[in-house]
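Notes follow the structure.
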Amino acid sequence: MKELRADRLLTAAGYGSRTEVKKLIRAGRLLKNGTAVQRPEEKLDPERDVLTLDGLPFQYKSHEYWVLNKPAGILSATEDRHRETVISYMGLTRKNMAPCGRLDLDTEGLLLVTDDGALVHRLLAPGKQVDKEYEVYYSGTLPADATEHFASGIELEDGTLCRPALLSGTENPTRLTIQEGKFHQVKRMFQALGCTVTKLKRLRMGPLSLSDLKLDPGTYRQLTEKELRLLKDFEAGRTAKAPAEKMSGPGTELPRPEDYAACIFDLDGTLVDSMWMWHELDQNYLARFGIEYPEDLQLKIAGMSFPEVADYFKERFQLPDDVQTMMRDWEEMAVLFYRSKVPPKPGAVEFLRALRTQKKRIAIATSNAMRMVNAVLESLEIRDYFEIIVTASEVNAGKPKPDIYLEAARRLNLSPAHCLVFEDIPEGILAGKRAGMTVCAVRDSFSEAMEEEKRTLSDYMITDYRELL
């Protein structure tokens, strides 16, 4: 740290105006290495010099970082003639302290207050896509497809188009995650769908959450070193919760499962090495009807649910069997493979054991049929690791639509932002991202030609799950 003038050091630390601290210095109250500092312009090095003020150790921090569970009625501002501000409420005297973003006067919840203007700028920059999660109470009835409206980007009544946002459901209260901060944005988004927000509380901003910080309403404190490191890592793009600044690939940062409440896995090509099997099965099935296997087939059906694949085969190849017969025949063929020829992906079983030890919640979200899922999980003796299994046949649309991952989060009773997804193909990665989750791509020989696309779409990429242990 560079040397600072004594008067500037004390002023920055909140000991008064420049005039006030000069009087304090001239009175001999500030000591440097046991000797009174005589002149306000004397240079001090807070990292090397032993400083005391009025006999007490003086420790200067270049920046301070406070968190407040803001109550309603407190203004998110540095000063105001008529209302109490977060600065006066918290009794902060340090120079340049300011809230990171604004919460409306009647909005409650998490607020970061700091004098680190550079960090604030980077956290609030629209391009950083920092999640801000709110608990929303409202009057009125949201449309049944409200989740899709928010995911597509709400158009406000004045024509302003918002970025895609994640609505957890139409229950009341519900949770909404946005990545920008327009004026009264959450209230205006709900208003655009015919509802009025009656109470609003911010639960999370980036890696900081009220539940983790354990802040009661109206309380505040400085961030711990661990929390500050988490915030700095996030802001620098070194954690899995910073997709806009992601770093993926060999030799770079990896996702930290401990940062998430749940891990959700695709099955084929992600947990088990089985994508090769489907090429062989489809080839054998089409040969029954004298049809040559088209090379583009696997790409065309990637991510589709089991019934969607059957419908596609029926239409494209004009097969005589009905869809139910086709699915039954496929199941019989696939179950034999799953029970005898399909191994787990490298490190998958060890990773599942580690997640269980950490008491993480584990789920599967797959385009496959439940009978086949159970066949491979039971064969590999890993069925008990999974709290829930969701198949694409249980939702309205398969991947790359987000439905299956949103349903998994709903059953886990978790915000999608708290879920880490593992996927092996672009369609699955897109589904996870569109659901508002962090996605780690898993390398697979079947999708080797798509690796660059996978790397671009995902937040991280691994070859072996043991990389995460």
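The values are calculated or read from the model by the stated rules, or taken from the named source; none is laboratory data. None of the values given here were measured: they were computed from a predicted structure. With ideal geometry, Cβ positions are generated from the backbone for all residues, glycine too; neighbour counts draw on all protein chains shown. The protein model used for the area step is the full one, side chains on, heavy atoms only, and it has no ligands, DNA or RNA in it. Shrake-Rupley method; radii C 1.70, N 1.55, O 1.52, S 1.80 Å.
Among the residues examined, PHE190 does not qualify as farther than 21 Å from HIS418 by Cβ, aromatic (Phe, Trp, Tyr) and open to solvent by 40 Å² or more (accessible area, probe 1.4 Å).
Residues checked against (1) open to solvent by 30 Å² or more (accessible area, probe 1.4 Å); (2) within 30 Å of GLU227 (Cβ to Cβ):
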{"position": "ARG26", "(1), (2)": "yes, no"}
{"position": "ARG29", "(1), (2)": "yes, no"}
{"position": "LYS32", "(1), (2)": "yes, no"}
{"position": "THR35", "(1), (2)": "yes, no"}
{"position": "ARG48", "(1), (2)": "yes, yes"}
{"position": "LEU51", "(1), (2)": "no, yes"}
{"position": "TRP66", "(1), (2)": "yes, yes"}
{"position": "GLU79", "(1), (2)": "yes, yes"}
{"position": "GLY91", "(1), (2)": "yes, yes"}
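Among the residues of segment 193-226, the one identified as of a type outside the set (Val, Ile, Thr), over 13 Å from LYS70 (Cα atoms), at pLDDT 95 or above and open to solvent by less than 30 Å² (accessible area, probe 1.4 Å) is CYS195. Note on segment 96-191: enclosed strands (runs of 3 or more DSSP E) holding 3 or more residues that are over 22 Å from the mean Cα position of the chain (by Cα) and in contact (Cβ under 8 Å) with a residue 40 or more places away in the chain are 132-139.
Screening the candidates GLU350, GLU332 for the property of being free of Cβ contacts under 8 Å to residues at least 12 places away in the same chain and among the acidic types (Asp, Glu) yields one hit, GLU332. Against the test of being surrounded by fewer than 18 Cβ atoms within 10 Å (Cβ to Cβ), at pLDDT below 90, of a type in the set (Lys, Arg) and within 14 Å of the chain's Cα centre (by Cα), the options ARG229, ARG256 yield a single qualifying residue, ARG256. Sort out which residues of segment 262-296 are over 40 Å from the mean Cα position of the chain (by Cα) and open to solvent by less than 10 Å² (accessible area, probe 1.4 Å), and write them in order of number. Of everything in segment 262-296, those that are over 40 Å from the mean Cα position of the chain (by Cα) and open to solvent by less than 10 Å² (accessible area, probe 1.4 Å) turn out to be TYR285, LEU286. If you filter segment 53-64 down to residues that are among the hydrophobic types (A, V, I, L, M, F, W, C) and either touching a residue at least 24 places away in the same chain (Cβ under 8 Å) or closer than 30 Å to TYR134 by Cβ (or both), you find that the one that is surrounded by the fewest Cβ atoms within 10 Å (Cβ to Cβ) is LEU53. Restricting attention to segment 108-126 and to residues that are closer than 29 Å to CYS195 by Cα and out of contact with any Phe, Trp or Tyr (no Cβ under 9 Å at 6 or more places or on another chain), the residue that is least open to solvent (accessible area, probe 1.4 Å) turns out to be LEU110. Please work out if LEU75 is open to solvent by less than 50 Å² (accessible area, probe 1.4 Å) and closer than 30 Å to LYS433 by Cα. Taking the combined requirement at face value, the residue does not satisfy it. Only one of the numbered conditions (1) surrounded by fewer than 22 Cβ atoms within 10 Å (Cβ to Cβ); (2) within 17 Å of MET275 (Cβ to Cβ); (3) touching a Leu at 6+ places or on another chain (Cβ under 7 Å); (4) of a type outside the set (D, E, K, R) is violated by LEU430, and that is (2).
Just to be sure before I move on: is VAL395 crowded, with 18+ Cβ neighbours inside 10 Å and within 17 Å of the chain's Cα centre (by Cα) in the structure I sent? No. Among the residues making up segment 435-458, those that are among the polar types (S, T, N, Q) and modelled with pLDDT under 85 are SER445, SER447, THR456. In segment 359-370, which residues are under 23 Å from the mean Cα position of the chain (by Cα) and on the phi < 0 side of the Ramachandran plot? LYS360, ARG361, ILE362, ALA363, ILE364, ALA365, THR366 - these are the residues of segment 359-370 that are under 23 Å from the mean Cα position of the chain (by Cα) and on the phi < 0 side of the Ramachandran plot.
Annotation note: of ALA369, ALA348, ALA363, the sole residue that is within 25 Å of TRP278 (Cα to Cα), touching a strand residue (DSSP E or B) at 6+ places or on another chain (Cβ under 9 Å), modelled with pLDDT under 90 and of a type in the set (A, V, I, L, M, F, W, C) is ALA369. A residue that is at pLDDT 85 or above and open to solvent by 30 Å² or more (accessible area, probe 1.4 Å) can be found somewhere in segment 330-345. Within segment 127-137, the only residue that satisfies the criterion of being open to solvent by less than 20 Å² (accessible area, probe 1.4 Å), of a type outside the set (A, V, I, L, M, F, W, C) and either over 18 Å from ILE178 (Cα atoms) or out of contact with any Gly (no Cβ under 8 Å at 6 or more places or on another chain) (or both) is GLU133. Filtered by the rule that a residue be without any contact (Cβ under 8 Å) to a residue 24 or more places away in the chain and under 48 Å from the mean Cα position of the chain (by Cα), segment 33-52 gives ASN33, ARG48, ASP49, VAL50, LEU51, THR52. In segment 266-291, the residues that are on the phi > 0 side of the Ramachandran plot form Cβ pairs under 7 Å with partners that are among the charged types (D, E, K, R) and part of a loop (DSSP other than H, G, I, E, B), at six or more places apart or across chains, as follows: GLY269/ASP424; GLY269/ASP444. Being of a type outside the set (Lys, Arg) and surrounded by fewer than 18 Cβ atoms within 10 Å (Cβ to Cβ): is that true of ALA144 here? So ALA144 passes the test.
All of VAL421, VAL390, VAL442, VAL373 fail the test of being open to solvent by less than 10 Å² (accessible area, probe 1.4 Å) and over 23 Å from the mean Cα position of the chain (by Cα), apart from VAL373.
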